[in-house]
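One structure is given below, encoded as structure tokens.
The values are calculated or read from the model by the stated rules, or taken from the named source; none is laboratory data. A quick note: this is a predicted structure, and the numbers were derived from the prediction, not measured. When we count neighbours, we look across all protein chains shown, and the Cβ atoms used for this are built from the backbone with ideal geometry, even at glycine.
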Amino acid sequence: MPKIFEYDTIAAVATPTGEGGIGIIRLSGPDSIGIAEKIFKRKSSGPWESYRLYYGHVVDPGNGEVIDEALCVLMKGPRSYTREDVFEIHCHGGSLVTQRVLELVLREGARPAEPGEFTKRAFLNGRIDLTQAEAVIDLIRAKGQAGHSAAADQLAGRLYSKLTEVKDRLSSVLAHSEAYIDFPEEEIELSTRDQFLNALSDVAALLKGLISSYDEGRVYRDGLSLVIVGRPNVGKSSLLNLLLREKRAIVTSVPGTTRDVIEEYMNIRGVPLRLADTAGIRETEDLVEIEGVKLAREVLKRADIALFVVDGSRPLTDDEWTLAEELKGKKYILIMNKSDLPNALRDEDISKLRGEMQAVSISTITGEGIEALNDAIFKEALRGKNEASGGLVITRARHRDTLQKALDSVSSSMEGIRGSLSPEFYTVDLRAALNAIRDIVGETTPDDILDRIFSEFCIGK
Ligand SMILES: Nc1nc2c(ncn2[C@@H]2O[C@H](COP(=O)(O)OP(=O)(O)OP(=O)(O)O)[C@@H](O)[C@H]2O)c(=O)[nH]1
Ligand SMILES: [Mg+2]
């Protein structure tokens, strides 16, 4: 087991501020028990047992004032989150109580924890690697089921074990190659070279798979923005309400009802989405509407995917063809609404409007086609993103960039071997690849990068 570092004792409120059933003050470090002894009066005496919940009172040792009735638990290191002695005081929720208990433990010798400092200690004390520490924050921030499972996988160490596998294979090729540097009179046999190349091409394939999973992972983690566009009165706001399952936007039979952009968050099949309803796009003299149309166009420009709604019960107008022009080069789904009414659209117009994109027929009144629309959105969100990595996805740009560095080094070491270069040359590349992997898991990561990663955390985690 890696060495446990000697740190000071830190403390923070671990629960969110505001009113709640309970509020937890967390301490970690060598003085945790000593500080808890001073401020927590329990019924039983004797040494603290690990993992046992104690009932008692938080009492100010200065004046004997009872601050709260509380429960306390010690998690004795190394079997704790940080591997240090961790103490948690569970008192009544409410910012005043938790704040007063925190002040008390600070007065008795703890230091206020920095954001993510508990997790940083878990990392520095070797309980988790850096990818697992990053997963902690992603798990806390997960906006949808898919992002949650990617983070949970990573927290469980799946990425770490994959990278350990890569590391072991690289180290083995490196060790064998270095042996030839020490004995320059030995020729590297052809069969050995082939072994090296085989091992390295396996590594390269693994790295490529992980790198290409980033596009998918990023969507899971950060989500996408969708915008509903179309001419007035086609049912855009009705669609927003249907997707959100609430009456969020005003729906009337008057064209030009929506003027502002209305944005809400939702999930489709676990993918977090930001959905915007906009003013119907048309030529108009109305000043307010002109502003609304301008705004709609701006949101459209920034969105990842547009939901292009047309009224299936009426012939298309020039406004639709203009909009179709604007949608060129953008991802969109053509939605033919009002399928409960007789269809007035011509097949050839529909195929012109949709181009290469998906088209779905729906009715926001009967709900028909909404499942097909959800499928289409999910498919569009993940279009072009493959699952080459066996379900394991990376979600961070840091991982992708560093994996790419590793891959480049592996490729150039392979070129060196193929070109029969002497091992001195290509072992440099192998070492660079190995170091890149070490950076990802946190074995060699520079301090400024560590600081940046942990500063993303909340206090108390
Ligand atoms: N029959 C039928 N009517 C619908 C359907 N969807 C919407 N409508 C009606 O179409 C009218 C316009 O709906 P909205 O959702 O306000 O349309 P919009 O595109 O947001 O309109 P603007 O905000 O003016 O751009 C309302 O009278 C809705 O009840 C549908 O699927 N079938
Ligand atoms: Mg509207």
Worksheet item: Looking at (1) part of a loop (DSSP other than H, G, I, E, B); (2) out of contact with any Gly (no Cβ under 7 Å at 6 or more places or on another chain); (3) within 15 Å of ligand 2 (Cβ to nearest atom); (4) not β-branched (Val, Ile, Thr), which is the one condition that is false for Ser313?
Response: (3)
Worksheet, complete the sentence: Apart from one, (1) farther than 23 Å from Leu206 by Cβ; (2) crowded, with 19+ Cβ neighbours inside 10 Å; (3) among the charged types (D, E, K, R) all hold for Asp138; the odd one out is (1)
Worksheet item: Among Asp286, Asp277, which is more than 21 Å from Tyr332 (Cβ to Cβ), within 15 Å of ligand 2 (Cβ to nearest atom), in the same structural domain as Lys328 (by TED's automatic domain parsing) and of a type outside the set (Ser, Thr, Tyr)?
Response: Asp286
Practice prompt. Kindly indicate whether any position in the range 321-342 is within 16 Å of ligand 1 (Cβ to nearest atom), free of Cβ contacts under 8 Å to residues at least 60 places away in the same chain, surrounded by 16 or more Cβ atoms within 10 Å (Cβ to Cβ) and part of a loop (DSSP other than H, G, I, E, B).
Written response: yes
Worksheet item: How many of the residues in the range 432-448 are surrounded by 14 or more Cβ atoms within 10 Å (Cβ to Cβ) and within 23 Å of Gly126 (Cα to Cα)?
Response: 11
Worksheet, complete the sentence: The condition of being hydrophobic (A, V, I, L, M, F, W, C), in contact (Cβ under 8 Å) with a residue 12 or more places away in the chain, surrounded by 21 or more Cβ atoms within 10 Å (Cβ to Cβ) and within 17 Å of Ile417 (Cα to Cα) holds, among Phe196, Phe118, only for Phe196
Fill in: Residues (assigned to a loop (DSSP other than H, G, I, E, B) and in contact with a strand residue (DSSP E or B) (Cβ under 6 Å, 6 or more places away or on another chain)) located in the range 10-25
Ala14, Thr15
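Yes/no matrix, rows are residues, columns are (1) part of a helix (DSSP H, G or I); (2) touching a helix residue (DSSP H, G or I) at 6+ places or on another chain (Cβ under 7 Å):
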| site | (1), (2) |
| --- | --- |
| Arg383 | no, no |
| Asp408 | yes, no |
| Gly416 | yes, yes |
| Asp429 | yes, yes |
| Asp448 | yes, no |
Worksheet item: Applying the selection to the range 251-267, what residues are within 12 Å of ligand 2 (Cβ to nearest atom) and within 16 Å of Leu295 (Cβ to Cβ)?
Response: Gly256, Thr257, Thr258, Arg259, Asp260, Val261, Ile262
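Of everything in the range 170-183, what is free of Cβ contacts under 8 Å to residues at least 12 places away in the same chain and of a type outside the set (A, V, I, L, M)? Give them in sequence order.
Result: Asp182, Phe183.
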Worksheet entry | Which listed residue, of Gly46, Gly94, Gly62, is free of Cβ contacts under 8 Å to residues at least 60 places away in the same chain and on the phi > 0 side of the Ramachandran plot | Gly46
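State whether the residues of the range 220-232 include one that is polar (S, T, N, Q) and more than 16 Å from the chain's Cα centre (by Cα).
Within the range 220-232, not a single residue is polar (S, T, N, Q) and more than 16 Å from the chain's Cα centre (by Cα).
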Worksheet item: Pick from the range 249-272 the residues that are among the charged types (D, E, K, R) and more than 11 Å from ligand 1 (Cβ to nearest atom): which of them is nearest to Ser149 (Cα to Cα)?
Response: Arg269
Practice prompt. Output the number of residues of the range 230-245 satisfying the condition of being hydroxyl-bearing (Ser, Thr, Tyr) and either outside the structural domain of Leu373 (by TED's automatic domain parsing) or more than 6 Å from ligand 1 (Cβ to nearest atom) (or both).
Written response: 0
Discussion item. Can you tell me which residue is farthest from the chain's Cα centre (by Cα) among those in the range 233-250 that are on the phi > 0 side of the Ramachandran plot and either surrounded by 14 or more Cβ atoms within 10 Å (Cβ to Cβ) or within 13 Å of ligand 2 (Cβ to nearest atom) (or both)?
Written reply: Asn233
Worksheet item: Out of (1) surrounded by 13 or more Cβ atoms within 10 Å (Cβ to Cβ); (2) under 16 Å from Thr164 (Cβ atoms); (3) not basic (Lys, Arg), the odd one out for Phe457 is which?
Response: (2)
Worksheet item: Out of all the residues in the range 438-451, is one or more of a type in the set (Ser, Thr, Tyr), within 21 Å of Arg169 (Cα to Cα) and over 18 Å from the mean Cα position of the chain (by Cα)?
Response: yes
Worksheet item: Give me the pairs: first residue in the range 65-85 and at negative phi, second residue among the basic types (Lys, Arg), beta-carbon distance under 6 Å, and six or more apart or on different chains, which are they?
Response: Ile67/Arg100; Gly77/Arg83; Thr82/Arg121; Asp85/Lys76
